[in-house]
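The structure under discussion appears below in the form of structure tokens.
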Amino acid sequence: MLDKEQQVEFYEKIGERIKEARKLRDMNQDVLANALGISRVSLVNIEAGKQRPPLHVLLDICEFLNVTMNDLVPQNVTSSNSLDSIILNKIKKETDNGTDSADKVMNFILSRMKNNS
């Protein structure tokens, strides 16, 4: 069972993954919020981990962003440095762009590791 601190971290990670998936699709918060039928403020709070989305909203997010629940929900709160499919998709997108892609990928990975430590 997760203690209160782990619950906070759990929802923050879900929010981060939602934000990453949304940005990977070059989508702004207004578009996603409208598609979900929620306010932009609610989406901002979900992405920040301050608001806990109901399960049906998470399912709608998965459907709209074309990700699975496993992509959004961390399996282990303490394993923040694992590369999940959203990050792997980001790496693929950066390497498909050609110029300076290796540097972009390395900077992205380093920033993720720095943010998760």
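No lab work stands behind these numbers, since they all come straight from the coordinates. Keep in mind that this is a model prediction, so the values were computed, not measured. Ideal geometry is used to build each Cβ from the backbone, glycine not excepted, and the neighbour counts take in all protein chains shown.
Sorting 6-18, 32-44 by their mean Cβ neighbour count within 10 Å, with the most densely packed peptide first, gives 6-18, 32-44. Measuring spread by the Cα atoms of the stretch 21-72 yields a radius of gyration and Dmax of 10.0, 25 Å.
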